[in-house]
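One structure below.
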Amino acid sequence: MSAPRSSPTPTPAPTSYKNVPTRSVSVDGVDFVYRQLGPEGGGVPLILLHHLTAVLDNWDPRVVDGLAARRRVITFDNRGVGASGGSTPDTIEAMARDAVLFIRALGFEQVDLLGLSMGGFIAQVVAAEEPQLVRKVVLAGTGPAGGPGIDKVTALTLRDILKGFLTRKDPKQFLFFTDTEHGRREAHAFLERLKERTDHRDKAISLPSFRAQLKAIHRWGLQPPADLSRIRQPVLVANGESDRMVPSENTLDLASRLPRGELVPLYPDAGHGGIFQYHDEFVTRTLAFLEARPDD
């Protein structure tokens with residue numbers, strides 16, 4: 001694996017995602033912003049692919065910091081998202097191509113992927129189309145093309161955004177967590193963690209990018225059932241047991257149909273943001289999966 005061509009002179013590694021600097025790399029003449037944390041000698045880099053509307057500041061710092069304790073972790077804004085340049089594509093396949101261009105612009109010859117929700121759609125395409133580039137995959141809160149309920153994401157998202165506006169609450173509380181005492185408490189804790197970074201925060205997603213992402217997700221949900229046999233890499237699959245955005249039955253379907261799929265038991269009283277709600281358990285399981293030898 002070669003070092004990123006855009007790397008500056010080495011400096012002491014930041015200790016947390018809340019203070020890691022934001023960098024940029026040119027991808028076919030367009031600047032993509034990213035953050036890198038963790039030991040540079042920490043094995044194959046782990047690339048994180050995020051959900052609908054998310055920018056760099058929407059990754060739970062407990063997940064990033066936990067993974068970066070032993071792995072080099074890279075988060076980034078894909079084309080047109082947050083502070084990255086260009087226009088956001090309206091298909092998952094085009095987003096996947098941009099993700100590959102970004103990875104190659106950093107000079108990596110092999111990576112692991114962690115895809116959440118829409119990022120999980122992208123990760124599936126990259127793993128299938130670039131088998132030599134991708135070693136292992138973690139899919140969270142996501143589903144295969146044509147999976148049940150995925151075509152309803154647009155309506156559900158817009159409805160809960162309106163609900164958030166009317167109640168003066170972050171819509172992620174409704175979209176990502178259960179409406180129970182425990183779920184509401186975990187939602188509050190998660191949203192507070194997202195505020196820990198106070199300096200040099202990312203730009204919010206633009207309305208054109210949001211629309212393009214919604215269109216891409218809707219198309220993914222209407223596609224014919226995916227041929228998951230093309231994904232030959234080891235894949236860890238995780239979700240909450242009550243995912244409203246990408247129904248949890250998609251998680252079970254992925255784990256059963258992926259040739260080398262491995263299911264994390266669905267997190268109880270948790271929804272789309274289950275990996276954030278159960279961040280300690282998720283980080284431990286993910287690190288063990290990434291570090292396992294093929295014959296383990």
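Quick look at the numbers
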{"quantity": "DSSP-defined antiparallel bridges as percent of all bridges, region 18-177, nearest 5", "calculated": "45 percent"}
{"quantity": "Under 14 Å, Cβ to Cβ, from residue 247 - net charge with Lys/Arg +1 and Asp/Glu -1", "calculated": "-3"}
{"quantity": "Residue 169 accessible area, 1.4 Å probe, all protein chains in place, Å² to nearest 10", "calculated": "100 Å²"}
{"quantity": "Counted charge near residue 127, where neighbours are those whose Cβ lies closer than 12 Å (Asp, Glu -1; Lys, Arg +1)", "calculated": "+2"}
{"quantity": "Share, in percent, of DSSP beta bridges within the chain that are antiparallel, nearest 5", "calculated": "35 percent"}
{"quantity": "Coordinate range along principal axes, alpha carbons of region 142-196, Å, largest first", "calculated": "35, 23, 23"}
{"quantity": "Residue-normalised accessible area of region 195-296, expressed per residue, 1.4 Å probe, Å²", "calculated": "51 Å²"}
{"quantity": "Within-15-Å neighbourhood charge of residue 17 [Cβ basis; K, R +1; D, E -1]", "calculated": "+3"}
{"quantity": "Over the chain: helical MRE at 222 nm, DSSP H runs n ≥ 4 each giving -39500 (n - 2.57), nearest 500", "calculated": "-11000 deg cm²/dmol"}
{"quantity": "Accessible surface of the chain, 1.4 Å probe, proportion on carbon and sulfur as whole %", "calculated": "53 percent"}
{"quantity": "Ordering of 102-112, 259-269 by packing [mean C-beta count within 10 Å, highest first]", "calculated": "102-112, 259-269"}
{"quantity": "Cα pair distances exceeding 35 angstrom across the chain, given as percent", "calculated": "10 percent"}
{"quantity": "Å² of accessible area per residue within region 108-191, as computed with a 1.4 Å probe and no ligands counted", "calculated": "40 Å²"}
{"quantity": "Zero-based 5 Å bins, Cα pair distances in region 226-296, whole percents", "calculated": "4, 17, 24, 23, 20, 10, 2, 0"}
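The values are calculated or read from the model by the stated rules, or taken from the named source; none is laboratory data. In this text, all values refer to a predicted model and were calculated from it rather than measured experimentally. Glycine gets a Cβ as well: all are built from the backbone with ideal geometry, and neighbour counts include every protein chain shown. These accessible areas exclude ligands, DNA and RNA; they are computed on the full protein's heavy atoms, side chains included. Shrake-Rupley method; radii C 1.70, N 1.55, O 1.52, S 1.80 Å.
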